Amino acid sequence: MAILMLLMNKAMAGSFMPTQGTEISKQVDNLYGFLLVVSFISCVILIGGMIYFALKYKRKTANDKTAYITHDTRLEVLWSVIPLIIFLFVFGWGWVIYHDMRTMPKDALEINVSGKQWAWTVEYKNGVKSTEVVVPVNKDVKLVLSSEDVIHSFYIPSFRIKQDAVPGRYQAIWFKAEKLGEFHVFCTEYCGTSHSAMITKLKVVSQEDFDKWLVSESEIGTLPLAQRGAKYFQTRACASCHNVDNPAAKIGPTLYQRWGKEVANADGSKVAFDENHVRESIMLPQSQIAAGFPSPSPMPSFQGQLSESELAAIIEYIKGLN
Ligand code: CUA
């Protein structure tokens with residue numbers, strides 16, 4: 001049994017489960033492995049026994065009579081009590097892991113994560129905003145989740161943790177990443193058209209790199225306009241719907257080599273792709289729908305969310321995509 005479980009865990013750490021990025025993910029996998037092994041053994045006993053008895057007691061001749069069978073109390077107690085013990089054991093084991101997952105560590109690095117159709121905004125205490133979660137390795141991190149519109153769900157498969165982000169309240173999850181690298185983050189609550197594109201990365205870096213990153217991000221205000229625009233383009237998740245380096249459309253039209261051209265709207269009108277067109281498309285996305293794209297547009301309005309200076313930076317960046 002112990003060997004089987006060890007093998008299961010090796011198999012899970014290998015290919016058929018995502019990387020184990022935290023201590024808790026190993027515990028979750030151990031429990032999952034145990035469930036698989038117990039289910040497998042039960043299946044063999046049950047199905048194997050069924051086939052064995054069916055063959056053994058098969059009617060052999062025409063007047064072969066089935067023996068009168070009544071119940072056996074000892075047997076009934078056994079097959080009720082043994083599973084009960086196993087279930088209670090699994091429940092206890094699961095409860096211990098769940099308790100660890102849900103008990104927030106003291107002195108954790110707190111990061112606010114907010115969901116909005118269809119991107120995550122990650123905000124650090126020093127005011128840095130990002131669309132990716134960057135955290136130091138071997139440090140307790142607490143994510144405080146919220147939502148600006150509908151229910152989203154923040155899921156890090158490699159850490160085996162998932163939590164809904166519900167509008168109107170805060171929910172927290174914590175983890176302590178043990179491995180450096182990049183991990184997937186998925187939204188796992190259907191939240192509209194681009195739910196499946198609501199993906200981001202969790203980057204685990206050394207404490208030193210983390211400190212450097214925080215400082216460099218906080219100095220973004222001193223960058224040249226177009227470079228700042230490129231940052232906002234990422235942090236506001238424009239990039240999840242618009243290509244910037246090839247002419248193919250994503251969920252929205254490409255912005256590659258568009259500047260200064262005449263573009264067609266769905267209603268047949270033509271419009272110059274200039275400052276005012278870009279501004280209107282960002283602030284009032286429903287006012288003009290590009291030809292070939294659905295109406296109403298899935299693009300959210302950024303009215304009241306982008307300052308004039310941020311908008312100018314984004315426009316400057318789009319200008320440079322030619
Ligand atoms: Cu956000 Cu699905």
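Annotations
- Point-charge dipole on Cβ atoms (K/R +1, D/E -1) for the chain, about Cα centre, debye to 20: 1380 debye
- Highest GNM mean-square fluctuation among 198, 50, 283, for the chain modelled with Cα contacts below 10 Å: 50.
- Selected from 69, 24, 97 as most flexible by GNM, with the chain as the system and alpha-carbon contacts under 10 Å: 69
- Protein accessible area in the chain, 1.4 Å probe - carbon and sulfur %: 61 percent
- The chain - share of DSSP beta bridges that are antiparallel (%, nearest 5): 70 percent
- Where the chain is the region considered: accessible area per residue in Å², 1.4 Å probe: 59 Å²
- Amide H within-cut-off set for residue 154, under 5 Å, with H built and near neighbours excluded: 163, 164, 165, 188
- For the chain, the mean residue ellipticity at 222 nm estimated from helices alone is -12500 deg cm²/dmol, where every DSSP H run of n ≥ 4 contributes -39500 (n - 2.57) and the total is divided by all residues, rounded to the nearest 500.
- Contact order normalised by residue count of segment 14-173, Cα under 8 Å, 6+ apart, percent: 22 percent
- The chain - percent relative contact order, Cα under 8 Å, separation 6 or more: 13 percent
- Karplus-derived 3J(HN,Hα) values for segment 205-215, using 6.51 cos²θ - 1.76 cosθ + 1.60 with θ = phi - 60°, are 10, 5, 4, 4, 5, 5, 4, 4, 4, 4, 5 Hz; glycine and proline are entered as x.
- Taking Cβ atoms as reference points and 10 Å as the exclusive limit, the residues near residue 151 contribute a net charge of -3, counting Lys and Arg as +1 and Asp and Glu as -1.
- Using the Karplus relation 6.51 cos²θ - 1.76 cosθ + 1.60 with θ = phi - 60°, the per-residue 3J(HN,Hα) values for segment 129-138 come to 10, 8, 9, 10, 8, 10, 9, x, 6, 6 Hz, with x marking Gly and Pro.
- Selected from 222, 254, 200 as most flexible by GNM, with the chain as the system and alpha-carbon contacts under 10 Å: 222
- Compared with the dominant Cα axis of the chain, that is its longest principal axis, helix 73-102 is turned about 20°.
- Segment residue 139..residue 70, full-extension length gain: 18.6 nm, with 0.36 nm per residue of separation and the alpha-carbon distance subtracted.
- Violating pairs (Cα-Cα greater than 21 angstrom) within the set 139/231; 179/201; 142/231; 116/179; 142/201; 139/212: 139/231; 142/231; 116/179
- For segment 109-196, with +1 on Lys and Arg beta carbons and -1 on Asp and Glu, the positive-most of 138, 157, 168 along the dipole: 138
- Placing one equal scatterer on every Cα of segment 205-278 and applying the Debye formula, the log10 ratio I(q)/I(0) at q = 0.14, 0.23, 0.26, 0.27 Å⁻¹ is -0.62, -1.12, -1.24, -1.26.
The values are calculated or read from the model by the stated rules, or taken from the named source; none is laboratory data. Note that the structure is predicted; figures quoted are calculated from it, not measured. A quick note on method: Cβ atoms are made from the backbone with ideal geometry, for glycine too, and the neighbour counts reach across all protein chains shown. Note: areas computed on protein heavy atoms with side chains; ligands, DNA, RNA excluded. Shrake-Rupley method; radii C 1.70, N 1.55, O 1.52, S 1.80 Å.
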